[in-house]
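Student: Before I ask anything, let me first share the structure, which is written out below as structure tokens.
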Amino acid sequence: MCGIVSICYGSDNPALGLEGGELLKRLEYRGYDSTGGAFIGADHGIRLLKKVGAPSRVVPELGIDHQQGQRFIGQVRWATYGAVTDLNAQPHRMACKVPFVGAHNGNISNTDSLKPYLAAQGHDVVSDNDGEMLTHLAEHYYAENLQNPAPVLEAARLACRAAGLDLELPDRAYLLMDAARKADSKAEGSYAAAFADPQAEGVVAVKSGSSLYAGLGTDAFGDFVVVSSDLTSVLSKTRMLIPLSEGEGIWFTERHYVIFSLGQSCGFSRPKARRSKLNVRDTGLREPFHYFMDQEIASSPENLEEIIRYYFRSPETEGLFAAFESRVDLCKALVEKLLKLYEAPDEASLRVAFEALRKNPVHLELVERVKPHRAAIEAHQVMVSDERALLADLRRLEPEARETLALLDLVIIWKKRRRVTAHLQDLVKAIRETQTSAGRVFLVASGTSYHAALTGAYFFNHLAGVAVFPCNPGTFRSMYLNALNPSDLLIGITQSGETKDLVDIFQDVRSRFPALRRISLVNNENSRIPQELSEFYLPILCGPEIAVAATKSFLNQVAILYLLAASFSLNERRIVEQLGRARELIVETLRRTSESVEKAAQRLYLEPSLHILGTGLIGLAREGALKIREVVLNHAEGYDAAEFKHGPNTILGKNTLFSIHDLAGLLEAYEAQRGETPFAGGLESLKAWPELVERRFSNYPLLFVCPPDERDARITISQIHTHKIRGADILLIAEPNAELALAAGGKPMGQEQYWSSYVEVPRSGDPNLFVFAATVVLQRLAFRMSVLKMEYLDHLRVADHGVHPDAPKNVSKSITVD
């Protein structure tokens, strides 16, 4: 995954480099192997600056932030095709046929065959980067169009007339759009890209399998249109988004734009820009946080409140919502009128449209109908619905309309809760029917979502007595796909709703077993899996997740799987109480374990490897290990506690795992012992003084996660004793338990270097609720280890070490919620 951004003004902007540099920095989580920017000014020249390194470093080093111009195309790279070199960095500038510049994010899978093809066509291919191949393709077809423009122009104008559009675009705009379409048909893969001819107006960008957002606005330097792989970077400039769907492209200048279709048939449209439901604050850092990962872990309690709000009835609003239910037609009509306000191009238009809504008979009639419940409306002080950003704008413009806005917010909540609760009942019913018909329930997911599925199976076993089969897409394909039957049930779990592996599974099942029901749990409700491939879906409701390592989405997935399982044994009131307890457990855990988690992080952040052993909680153990691998870049594995003794325990005692800290100690000891003796070479010195290595061997860290269950506690105590005498240090995460404390704290005879620590989470007495507390401990531990290691490596001046809690190396993610 990489990231692209482009912005276009009407004339030369002296601060274009500053704007472009800031936009590139917002993309850093998507790529940091290299950074580049291309500037086009009034002189129609291309100034290209690019270099290996992250934008936070490269932008000032190259002076990107001091450039000026009218158009900017920038890219951050996460390397796939081609090594991490300046030559493979993007954008790519060329003039094989015509002066041209472009950049892409994503992958062009037929790069190896395109390279000789382009060379044979007379192109000077100078790198191994797939972005260069794509840009050469666009240049190639653009040059052909310039040589013979008539057929392209005629077809384009026919398509415009067919769409009822009277567009007065420059000829080269049509030719460039057509070139992008032809390049897309030749290239294979998933990507987004931006191209420009410095001699012609505007920029063309395409969305072909990767995220791309577009917006228009005005700032101190005039009107602009901006496109980016990342929604937050667009929102940092404007709230007005131009609708852009998969398989479409956009040509734009500072104020004009047109959408065109990719694929065989050419089509044009000019949809109205709409106000985003999010603003930059929804996707930005808030005080006192310095990292998104920290902020997102801390948001877990309010995210659980969101689940309670939409999945269950509330006594406070039950009467009001019953009134809404008696006039569903009025409520839905009012919501439709509210959503029309997103089309208001500016605040003056928004104010006028809102005043018209307040005077509309639909609104006035609903106000009369809900008068008996006015107290519930007046008590609703904070806007919390999906349209809260729009309602906040309206409240700022019309502060006296607070009661109207509260009513609108409550109607929107009612409408969504109505759908969510219905689908919750549908899914519980589907699971029961699958059981009755001897079918199987498959929970299919990747990465963190797969670990949530494993944890969900724990809940279904304990709370529902229902066997579910958690598996990742590869396991599902290799073990179950050919053995499905129509009575089985497929539940996909995904944050983005676009996970390619899971999309493929849903498509395979749909084509081969059309009668098999497909349902999803998803955060991005407008994505492909819920909208195109699922019978229905349940929303995860955790909001945008900016940090690459998933934290709050995992906890919300776990919460929804908990309430699904609990629906088989508890009534609605009791489930709400339990989720409320889970919320309080998280709050108290974050407050009370801060010191002990910090102590553990200080001890562990330089350990090159560790194991997390979950007693019965394999999903949680694996997720904790994944977080450490992702953001600390230390090796970590998650195992079932009792399983560790079947082979993996050979790592205990003497092993050849040494950290940077160990090597530094080795060098210090060597220098102290060497005296005036000449340096004999590393290996020879170690042979001469074997005690140097002997002193560096240390215990291996094991992190036990033990729920409050008597049998699990006995197993954990046994495993602690078994492993600590063989060279393990112990970190224990559990509720207060005197026997566990004695087991972990007791120092084995002859093990003077033994270390242990006990992170006590608040007592719940419930193994299922313990999961919520243990989750945030493991997430906070990984976060603090990451920050400590990053600061340590920065202090040593280790370049490009890739340790970062929000944007670690080799992994990437796009923000897909709007």
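The values are calculated or read from the model by the stated rules, or taken from the named source; none is laboratory data. Note that the structure is a prediction, hence the values are computed from the model and not measured. So basically every Cβ, Gly included, is an ideal-geometry build from the backbone, and we count neighbours across all protein chains shown. Side chains included, ligands, DNA and RNA excluded: accessible areas come from the protein's heavy atoms. Shrake-Rupley method; radii C 1.70, N 1.55, O 1.52, S 1.80 Å.
Student: So which of Ala600, Ala565 is assigned to a helix (DSSP H, G or I), open to solvent by less than 10 Å² (accessible area, probe 1.4 Å), hydrophobic (A, V, I, L, M, F, W, C) and under 30 Å from His801 (Cβ atoms)?
Tutor: Ala600
Student: Which residue pairs have Cβ atoms under 6 Å apart, sit 6 or more places apart or on different chains, and have a first residue in the range 49-74 that is touching a residue at least 12 places away in the same chain (Cβ under 8 Å) and over 16 Å from Ala89 (Cα atoms) and a second that is in a loop (DSSP other than H, G, I, E, B) and open to solvent by 50 Å² or more (accessible area, probe 1.4 Å)?
Tutor: Going by the 6 Å Cβ cut-off, the qualifying pairs are Gln68/Pro14.
Student: If you check Ser185, Ser190, Ser233, which single one turns out to be open to solvent by 40 Å² or more (accessible area, probe 1.4 Å), part of a helix (DSSP H, G or I) and within 30 Å of Tyr81 (Cβ to Cβ)?
Tutor: Going through Ser185, Ser190, Ser233 in turn, the sole match is Ser185.
Student: Right, another one. Just checking, how many residues over the range 530-561 are of a type in the set (Ser, Thr, Tyr) and more than 30 Å from Leu633 (Cα to Cα)?
Tutor: Counting residues in the range 530-561 that are of a type in the set (Ser, Thr, Tyr) and more than 30 Å from Leu633 (Cα to Cα) gives 2.
Student: Taking the range 95-108 only, how many residues are surrounded by fewer than 21 Cβ atoms within 10 Å (Cβ to Cβ) and either farther than 11 Å from Leu134 by Cα or modelled with pLDDT of 95 or more (or both)?
Tutor: Number of matching residues: 5.
Student: Considering only the range 70-79, I want to know if a residue exists there that is open to solvent by 40 Å² or more (accessible area, probe 1.4 Å), farther than 19 Å from Cys8 by Cβ and modelled with pLDDT under 95.
Tutor: yes
Student: Additional query: Any residue in the range 639-647 that is of a type in the set (Ser, Thr, Tyr), under 32 Å from the mean Cα position of the chain (by Cα) and in a strand (DSSP E or B)?
Tutor: For the range 639-647, residues of a type in the set (Ser, Thr, Tyr), under 32 Å from the mean Cα position of the chain (by Cα) and in a strand (DSSP E or B): present.
Student: Further, regarding this structure: Identify all residues within the range 614-645 that are in contact with a Pro (Cβ under 8 Å, 6 or more places away or on another chain), closer than 18 Å to Gln557 by Cα and not hydrophobic (A, V, I, L, M, F, W, C); write none if there are none.
Tutor: Gly619
Student: Could you identify the single residue in Asp794, Asp729, Asp806 that is farther than 30 Å from His462 by Cβ, outside any loop (DSSP other than H, G, I, E, B) and open to solvent by less than 20 Å² (accessible area, probe 1.4 Å)?
Tutor: It is Asp729.
Student: Name the single residue that is farthest from the chain's Cα centre (by Cα) among those in the range 736-781 being open to solvent by less than 10 Å² (accessible area, probe 1.4 Å) and more than 30 Å from Val548 (Cβ to Cβ).
Tutor: Per the stated criteria, the residue is Ala743.
Student: How many of the residues in the range 13-67 are among the small types (Gly, Ala, Ser), more than 23 Å from Asp800 (Cβ to Cβ) and open to solvent by less than 60 Å² (accessible area, probe 1.4 Å)? Full working, then the answer.
Tutor: Within the range 13-67, the subset among the small types (Gly, Ala, Ser) is 15, 17, 20-21, 31, 34, 36-38, 41-42, 45, 53-54, 56, 63.
Add one more test, that the residue is more than 23 Å from Asp800 (Cβ to Cβ), and what stays is 15, 17, 38, 41-42, 45.
Going one step further and asking which of them are open to solvent by less than 60 Å² (accessible area, probe 1.4 Å), we end up with 15, 17, 38, 41, 45.
Looking only at that region, the number is 5.
Student: Which count do you get for residues in the range 1-12 that are open to solvent by 30 Å² or more (accessible area, probe 1.4 Å) and within 26 Å of the chain's Cα centre (by Cα)?
Tutor: 1
Student: Could you please find all residues in the range 302-326 being assigned to a helix (DSSP H, G or I) and under 23 Å from Arg369 (Cα atoms)? Before you say what the answer is, go through the steps one by one.
Tutor: Going residue by residue through the range 302-326, those that are assigned to a helix (DSSP H, G or I) are 302-311, 318-326.
Residues satisfying the conditions are Glu318, Gly319, Leu320, Phe321, Ala322, Ala323, Phe324, Glu325, Ser326.
Student: Continuing with the same structure: Does at least one position in the range 80-92 carry a residue that is in a strand (DSSP E or B) and within 24 Å of Ser127 (Cα to Cα)? Working first, answer last.
Tutor: Step one: list which residues in the range 80-92 are in a strand (DSSP E or B), which gives 92.
Going one step further and asking which of them are within 24 Å of Ser127 (Cα to Cα), we end up with 92.
Among the residues of the range 80-92, at least one is in a strand (DSSP E or B) and within 24 Å of Ser127 (Cα to Cα), which makes the answer yes.
Student: Which of the residues that make up the range 93-125 are touching a residue at least 40 places away in the same chain (Cβ under 8 Å), part of a loop (DSSP other than H, G, I, E, B) and more than 13 Å from Ala187 (Cα to Cα)?
Tutor: Matches in the range 93-125: Cys96, Lys97, Val98, Pro99.
Student: From the list Phe506, Phe442, Phe476, Phe536, which one is in contact with a Gly (Cβ under 8 Å, 6 or more places away or on another chain) and among the aromatic types (Phe, Trp, Tyr)?
Tutor: Every option except Phe506 fails the conditions.
Student: Now, a different point. Kindly establish whether Leu285 is part of a loop (DSSP other than H, G, I, E, B) and either modelled with pLDDT of 90 or more or surrounded by fewer than 21 Cβ atoms within 10 Å (Cβ to Cβ) (or both).
Tutor: Yes, satisfied.
Student: Now for a separate question. Could you give me the residue pairs with C-beta distances under 9 Å whose first residue belongs to the range 452-469 and is free of Cβ contacts under 8 Å to residues at least 40 places away in the same chain, whose second residue is buried (at least 23 other Cβ atoms within 10 Å of the Cβ) and of a type outside the set (A, V, I, L, M, F, W, C) wherever it lies, and which are 6+ apart or on separate chains?
Tutor: If the second residue must be buried (at least 23 other Cβ atoms within 10 Å of the Cβ) and of a type outside the set (A, V, I, L, M, F, W, C), the pairs left are Val468/Gly456.
Student: I'm trying to understand the selection: among the residues of the range 327-350, which are touching a residue at least 12 places away in the same chain (Cβ under 8 Å) and assigned to a loop (DSSP other than H, G, I, E, B)? Break it down stepwise before answering.
Tutor: Step one: list which residues in the range 327-350 are touching a residue at least 12 places away in the same chain (Cβ under 8 Å), which gives 327, 330-335, 337-345, 347, 350.
Hits for the range 327-350 are Arg327, Ala344, Pro345.
Student: List the number of the failed condition for Met240; all other conditions in (1) without any contact (Cβ under 8 Å) to a residue 60 or more places away in the chain; (2) within 24 Å of His104 (Cα to Cα) hold.
Tutor: All conditions are met except number (1).
Student: Here is a list of conditions, (1) more than 22 Å from Glu19 (Cα to Cα); (2) surrounded by fewer than 22 Cβ atoms within 10 Å (Cβ to Cβ); (3) among the small types (Gly, Ala, Ser), and Gly222 meets all of them except one; can you say which number that is?
Tutor: (1)
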